[in-house]
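To start, the structure under review is shown below, and the notes come after it.
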Amino acid sequence: MVGELIYFLGLQIKQSKDGFFISQSKYARNLVKKFNLDSASYMKTPMGSSQKLSREYVVESVDNTLYRSMRGSLLYLTTSRPDVMYSVCLCARYQANPKITHLKALKRIIRYIGGTTNLEIRYTKDTNTNLVGFSDSDWAGDVDDRKSTTGGCFYLGNNLVSWYSRKQNCVSLSTVESEYVAVGSCCSQLPWMNQMIEDYGLHSDILTIYCDNSSTIYISKNPVQHSRTKHIDIRHHFIRDLVEKNIIRIEYIGTENQLAGIFTKALDFERFSTLRKSLGLCAI
């Protein structure tokens, strides 16, 4: 079953004395050629830092089949390419009625893939078994409904093992609320992942989540109901229980070192390339 999945996703696994390298370079090249963009100029980033997508009701729609085919092909590529996770998930929001701007955004992602088909994820042997998560959000980033985007990634020691980017299902009234909801999403996954590695005989120290919003950390550690938390849905307050029981520790990290930022917003090339490298993506 695992072998069939690896073949279907076009995963290529290499081993060296330093560790493992996973890529989908052949799949990426075929994808670019499939949509006739192999001769187009390459892009440095999958999405422009100032680019904002919206529903655009007055603009003429494009072929639904083509758009969904592009989006689906790119979605499979996110198995080994976390650098395009945010942009692909953003474009997926408009697949019901795609416009020309949405199609151009997808083509830009593919043009970026065309110039980076040699990227692969490195997994080193020299590491530990501590589980660490990075949580971030882009407050009111969706132009249409002002919902925020949650992004996160998880490391087992030095190695990236999971990542995600999704739109929150509620409208956050402040940056603090948006970040708190994002941390809640991260907290719900870490204990489950910890149970998984324990099934394999591995042990992690206290689970750590890094957040770049100090007010969010203060709320999670303060047992007194704060005025800023009254409008936050009660289901997100289980964070406090995890913190009080010393199961999860939430620590502050500067925005410049927040690795989950690449899953919540479009970035300029310098910032994007720095985070891409921090995720473990390197050229073959």
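Data table
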quantity	calculated
Identity of the residue in region 119-157, among the hydroxyl-bearing types (Ser, Thr, Tyr) and outside any strand (DSSP E or B), that ends up nearest to Thr78 (Cα to Cα)	Ser148
Pairs where the first residue, in region 6-29, is under 13 Å from Ile284 (Cβ atoms) and the second is modelled with pLDDT of 90 or more and part of a helix (DSSP H, G or I), C-beta under 7 Å, 6+ apart	Gln12/Ser25; Gln12/Lys26; Gln24/Leu77; Ala28/Leu77; Ala28/Ile113
Matching entry among Asp136, Asp83 (being within 28 Å of Tyr210 (Cα to Cα), in contact with a Gly (Cβ under 8 Å, 6 or more places away or on another chain) and buried (at least 21 other Cβ atoms within 10 Å of the Cβ))	Asp136
Per-region count, region 12-40, residues surrounded by 12 or more Cβ atoms within 10 Å (Cβ to Cβ) and in a loop (DSSP other than H, G, I, E, B)	5
Among residues of region 236-284, those that are under 26 Å from Leu11 (Cβ atoms), of a type in the set (A, V, I, L, M, F, W, C) and not in a loop (DSSP other than H, G, I, E, B), counted	9
Enumeration of residues in region 46-76 that are closer than 23 Å to Leu279 by Cβ, surrounded by fewer than 22 Cβ atoms within 10 Å (Cβ to Cβ), in contact (Cβ under 8 Å) with a residue 24 or more places away in the chain and not small (Gly, Ala, Ser)	Gln51, Arg71, Tyr76
Within region 236-252, considering residues that are buried (at least 18 other Cβ atoms within 10 Å of the Cβ) and in contact (Cβ under 8 Å) with a residue 40 or more places away in the chain, the one nearest to Lys167 (Cα to Cα)	His236
Of the criteria (1) at pLDDT 95 or above; (2) over 10 Å from the mean Cα position of the chain (by Cα), which one Cys170 fails	(1)
Residue within region 188-205 that is in a strand (DSSP E or B) and either at pLDDT 90 or above or not assigned by TED's automatic domain parsing to the domain that holds Arg93 (or both) present	no
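The values are calculated or read from the model by the stated rules, or taken from the named source; none is laboratory data. Note that the structure is predicted; figures quoted are calculated from it, not measured. Glycine gets a Cβ as well: all are built from the backbone with ideal geometry, and neighbour counts include every protein chain shown.
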